[in-house]
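Remarks on the structure that follows.
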Amino acid sequence: MEKKEKKENILITFPDGKKLKYNKGIRGEEIAANISKSLEKKSIAVKVNGELKDLSDEISDDAKIEIVTIDSEGGLEIMRHTLTAQVLAKAIKNLYPKSKLAIGPTIENGFYYDVLLEKTISNEDLPKIENEMKKIVLDGNKIKKIYVSKEEALKLFSNKDETYKIEIIKESKQKDNFQIYCQDNTDFFDLCYGPHLPNLKHIGAFKLTKVAGAYWKGDSNNEMLQRIYGTAWNNQKDLETHLNMLKEAEKRDHRLLGSIMNLYHFQEEAPGSVFWHPDGWTLFQTLLNYMRKKQNEAGYLEINTPDIMDRSLWEKSGHWEKFGENMFTTTTKEEKTYAIKPMNCPGGIQVFNQGIKSYRDLPLKISEFGKVHRYEPSGALHGLMRVRAFTQDDAHIFCTEDQLEKECQVVCNLITTIYKDFGFNDIAVKYSDRPEKRVGSDRVWDKSEKALLSTINNLDIPYTVNPGEGAFYGPKLEFVLRDAIGRDWQCGTVQIDLNLPERLSCNYINKAGEKMVPVLIHRALFGSLERFIGILIEHYAGRLPLWLSPVNVAIVTINNKFDEYASNLYDKFLKEGITCKLDLRNEKVGYKIREHSSTKIPLILVIGEKEVESNTVALRKLGSQDIEISSIEKIINLIKHEKNKY
């Protein structure tokens, strides 16, 4: 009698710690079905030892797994990925057979696909493409994956004359196991890293949003492709909520409001650099002075370092190697190469290195409002949010290992306090720990990670952990603010650096008289002042709080008979440190009020005969139709009280 071949078992560990044995080569879809019918219906992918895989992939070794369902955040991301790579791409090929597909990744809240089309399309063509996508989704086709060699992959896409896919394959260092995803009952296939939905029945609600231009590989020397953007959600309600938020975001766009409020402008001769107008510069200085006051109270010493420094310093710091292509450089007649600083850290360390430091001098907190320059592709520039020249509210805290945890707590408390002053109460933190490749001893990494984790636990605010996502030189915290319409903005950072102090010869003398390398904490609160101003404008829809507004008051007269009274009032306000505008134009008062309201001035004071006779003003607050008769002293006290709060 023949012996039956014994099947080899593997051990599968689930998120709750439960362990079960399965046959070697089992698939995620089989495990989901084994657990429950409801899980089988919702499952769309499987995470194996932290790596996302298709449900159809075999699991051949002991592993920790997690079934990914369509209603999870990860499931939504996979649905968007499938929508762009298998639905949008196919719709384009159906409607424009001679088009050439490039890449189709997911982005925040959506996706896009870059294509080369014979005829340029516009936003007016999107409904047609969207309808074609809906037809494809209705078919509910299964998606299958095959693996092919590099040679086979090249042949497949050469037969379709997909030049961009051919280029991707040729440039890949991969030799085998190229993933090709196909749809049942069609001849459509695409190259993709996956994973994808098992079938198109899981596709939720979606909307194509716009068409834009994009250079192949982001290089202006390459062809200009057309980029079709879209957004996708699990259901129609979520989609409509997002679309309403986009409409609101359009109204709040800082580029539009910045122009209406006459704060700043950009022009071609200085791409990615801000031309600040008087009111915009007043707002900038208000933020800077606010932060300077907070830092002075917290024991920081403000410095300023050169904008241009020799290449040799950037080589020592490691920036030349890792960041060189994003630096603006110049070579002088003496054949010396200089770089405009892209970061403030090396300059700050040079200040620390002047003179001998003792353990008694630590912690030493050095701050700098340093202007930095970084090259960004022209297509990536976006108003104040993405620029090439910006001012960072940088600080560097030099401390001993024993002081690390306390200093992290102090700086994180400062960050959250400051955000609340600006009206951001919904704050979250992303914590990233040690990557596989790193510098520094495990002992110091242990202390650094413990310091950051302990800090965010004490803050009692939500945080997520990004395992292995820290920098090679230390763990980090990223502070994320949620604005008035639910958008998230990553702003502040706290970064422990176990590398740069040693590279740039930082040291202090400890109690035993030995030279020691300090631990360095990099810290930014606003991040970029320019970007933070953009976020504030959009958060408040331009209606900045009275203390922040670059113009506190507009004084308008009903006619020229009251110019002298208004002018005297204007002078009085200036002496009290109140920013104001005096409008003596021979225009109707209603027109003046509408104009100053559109520029978001918080208080408008109307001067007429009654006001002059009673030595008062008629106060109208931004957004209100009500008129309040008030004494001049009351107005002054109101404004000064608000400004003195901060």
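With a Förster radius of 35 Å, plug the Cβ-Cβ distance of Ala212 and Lys24 into 1/(1 + (r/R0)^6) and report the FRET value to the nearest 0.05.
Numbers: r = 48 Å, r/R0 = 1.37.
Working from the Cβ atoms, E equals 0.15.
In degrees, nearest 10, range 0 to 90: what is the angle between the Cα axis of helix 150-159 and the longest Cα principal axis of the chain?
Computed tilt is about 80 degrees.
Please give the calculated 222 nm ellipticity per residue for the chain, where each DSSP H segment of at least 4 residues contributes -39500 (n - 2.57) and the sum is spread over every residue; nearest 500 deg cm²/dmol?
Numbers: 21 runs with 221 residues, N = 646.
Calculated at 222 nm, the ellipticity per residue is -10000 deg cm²/dmol.
How much length is gained on full extension from Asn413 to Asp187, taking 0.36 nm per residue of separation minus their Cα-Cα distance?
75.6 nm
Ignoring ligands and nucleic acids, what accessible area does Met245 show with a 1.4 Å probe (Å², nearest 10)?
40 Å²
Work out, step by step, the length gained on full extension between Glu502 and Asp488: first 0.36 nm times the residue separation, then minus their alpha carbon distance; give nm to one decimal. Provide the component values of the computation, followed by the final result.
Details: separation 14, 0.36 × 14 = 5.04 nm, distance 3.55 nm.
Residue separation times 0.36 nm, minus the Cα-Cα distance, leaves 1.5 nm.
Between the helical axis of 563-575 and the dominant principal axis of the chain, each derived from Cα atoms, what acute angle in degrees is found, rounded to the nearest 10?
Value to nearest ten degrees: 70.
Report, to the nearest 10°, how far helix 589-598 tilts away from the longest principal axis of the Cα atoms in the chain, using its own Cα long axis and a range of 0 to 90°.
40 degrees
Work out the length of the dipole vector of segment 1-94 about its Cα centre, built from +1 on the beta-carbon of each Lys and Arg and -1 on the beta-carbon of each Asp and Glu, and round it to the nearest 20 debye.
240 debye
Order the peptides 223-234, 275-286 from the highest to the lowest mean number of other Cβ atoms within 10 Å of their residues. List each step's numbers first, then the result.
On the way: 223-234: 20.5, 275-286: 17.1.
Per-residue mean Cβ counts within 10 Å order the peptides as 223-234, 275-286.
Could you grab the relative contact order for segment 333-487? Cα pairs under 8 Å, six or more apart, rounded to a whole percent. List each step's numbers first, then the result.
Numbers: 195 pairs, mean separation 34.2, N = 155.
This gives 22 percent for segment 333-487.
Give me the one-decimal nm value for the distance between modelled label points at Glu152 and Asp421, 7 Å along each residue's Cα-to-Cβ direction.
Once both label points are built, they end up 6.3 nm from each other.
With all protein chains present, how much of the accessible area of the chain (probe radius 1.4 Å) comes from carbon and sulfur, to the nearest whole percent?
On the way: 15750 of 33020 Å².
Ligands and nucleic acids excluded, carbon and sulfur reach 48 percent.
As a test of reading the structure, rank Arg434, Arg523 by solvent-accessible area (1.4 Å probe, protein chains only), most first. Don't skip to the end; give the middle numbers.
On the way: Arg434 55, Arg523 0 Å².
Largest to smallest exposure gives the sequence Arg434, Arg523.
Expressed as cubic angstrom per residue, what is the convex hull volume of the alpha carbon set of segment 68-157? Provide the component values of the computation, followed by the final result.
Working: hull volume 12.0 nm³, N = 90.
Cα convex hull per residue, to the nearest whole number: 133 Å³.
When the gyration tensor of the chain is built from Cα positions, what are the square roots of 5 times its three eigenvalues, in whole Å, from largest to smallest?
On the way: eigenvalues 511, 258, 128 Å².
Over the Cα atoms of the chain, the ellipsoid semi-axes are 51, 36, 25 Å.
Could you tell me the center-to-center distance, by alpha carbons, between segment 28-85 and segment 506-524 in angstrom?
Cα centroid to Cα centroid, the span is 48 Å.
Please work out the C-alpha center-to-center distance from segment 269-346 to segment 390-451 and express it in whole Å.
A separation of 22 Å, based on Cα centres.
Would you please state which residues of segment 537-553 a label at His641 would reach in this model, taking the label point 7 Å out along Cα→Cβ and a backbone N cut-off of under 16 Å?
So the set is 546-547.
So, taking all protein chains as they sit and a 1.4 Å probe, how much accessible area belongs to Val589, in Å² rounded to tens?
So the heavy atoms of Val589 present about 40 Å² to solvent.
With every protein chain kept in the model, how would you rank Tyr419, Tyr375 by accessible area, 1.4 Å probe, largest at the top? Could you put the intermediate results ahead of the total?
Numbers: Tyr419 0, Tyr375 90 Å².
From most exposed to least exposed: Tyr375, Tyr419.
Could you pull the accessible area for Lys145 with a 1.4 Å probe, rounded to 10 Å²?
In the full protein context, Lys145 sits at about 40 Å².
Below 8 Å, C-alpha to C-alpha, sequence gap of six or more: please give me the relative contact order for the chain in percent. The partial results should precede the final answer.
Details: 1164 pairs, mean separation 56.1, N = 646.
RCO, the chain: 9 percent.
Taking the Cα centroid of segment 125-190 and of segment 567-636, what is the distance between the two, rounded to the nearest whole Å?
Cα centres, segment 125-190 to segment 567-636: 65 Å.
Once you charge only the Cβ atoms, +1 for Lys and Arg and -1 for Asp and Glu, what is the size of the charge dipole of the chain about its Cα centre, to the nearest 20 debye?
Details: 94 positive and 94 negative charges, 129 e Å.
It works out to roughly 620 debye.
Contour minus end-to-end for Arg594 and Ser220, with contour as 0.36 nm per residue of separation and end-to-end as the Cα-Cα distance? All intermediate terms of the calculation are to be shown ahead of the outcome.
Numbers: separation 374, 0.36 × 374 = 134.64 nm, distance 4.39 nm.
Separation in residues times 0.36 nm, less the Cα-Cα distance, equals 130.3 nm.
Per residue, how many Å² of accessible area does the chain show with a 1.4 Å probe?
51 Å²
For the full complex of protein chains and a 1.4 angstrom probe, list His265, His202 by accessible area with the highest value first. Mind showing how you got there, number by number?
Working: His265 65, His202 35 Å².
Heavy-atom accessible area, descending, gives His265, His202.
The values are calculated or read from the model by the stated rules, or taken from the named source; none is laboratory data. Note that the structure is a prediction, hence the values are computed from the model and not measured. Neighbour counts run over all protein chains shown; Cβ positions are idealised from the backbone, glycine included. Accessible surface areas use protein heavy atoms only, side chains included; no ligands, DNA or RNA. Shrake-Rupley method; radii C 1.70, N 1.55, O 1.52, S 1.80 Å.
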